[in-house]
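Single-structure report; data block below.
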Amino acid sequence: MPNKYSKENFNNNLKKLQNLQNLQNLQNLQNLQNQSGGENANKRTFKILELNGKVVDFGHLTIKKKTSSGNPGPGPSSAAKKALSSIAKHLKTKKDKLDVKFMIQEITRGPRQYKIYGPYHGKYRKYTAKEMKEKELKTKEGKIIKIEYQPIVKLVKKKNKKGG
């Protein structure tokens, strides 16, 4: 004799099914909240927009949004320092002769999208022999990397005219 499927059994199974569905919805919601953009979640991307008054488009630079401790990361001035080395390569100029004015644009997806920073004035300063000795880095393989130049990037302030 087959078992009868009573209304009570039906209601019990319906409650179980609803609980499972609620649990699945909760897990989906938590997964959505934990997503933060994949690999590039902690990166801000910039490009060089203008160089010495001429419109250009090169040098995609990446900096961290947050430090490992969770504090806000370096700002656009850090990207500007990176941009300076890209400009030196682009112009095929020695670093000690480089003296440029440029603007960068943030191309990160999101609310700060496409904001333009600058103009910056950038050049390199050659380290003294003592400073170079202090700035030497050793790689895991034991090679010594000498850092010869310090990037100097300053935001050019616009002059405000007062009076009428």
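Per-structure values
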{"item": "Enumeration of residues in the range 16-60 that are part of a loop (DSSP other than H, G, I, E, B), at pLDDT 85 or above and either surrounded by 10 or more Cβ atoms within 10 Å (Cβ to Cβ) or touching a Leu at 6+ places or on another chain (Cβ under 9 Å) (or both)", "result": "52"}
{"item": "Qualifying positions in the range 84-123 - of a type in the set (Gly, Ala, Ser) and under 13 Å from the mean Cα position of the chain (by Cα)", "result": "110"}
{"item": "The listed residue being in contact with a helix residue (DSSP H, G or I) (Cβ under 6 Å, 6 or more places away or on another chain) and surrounded by 13 or more Cβ atoms within 10 Å (Cβ to Cβ), out of 76, 151", "result": "151"}
{"item": "Residue match in the range 65-82 (condition: at pLDDT below 90 and of a type in the set (Val, Ile, Thr))", "result": "yes"}
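The values are calculated or read from the model by the stated rules, or taken from the named source; none is laboratory data. Model, not experiment: these values are computed from the prediction. Reconstructed Cβ throughout: ideal geometry from the backbone, glycine too, with neighbour counts over all protein chains shown.
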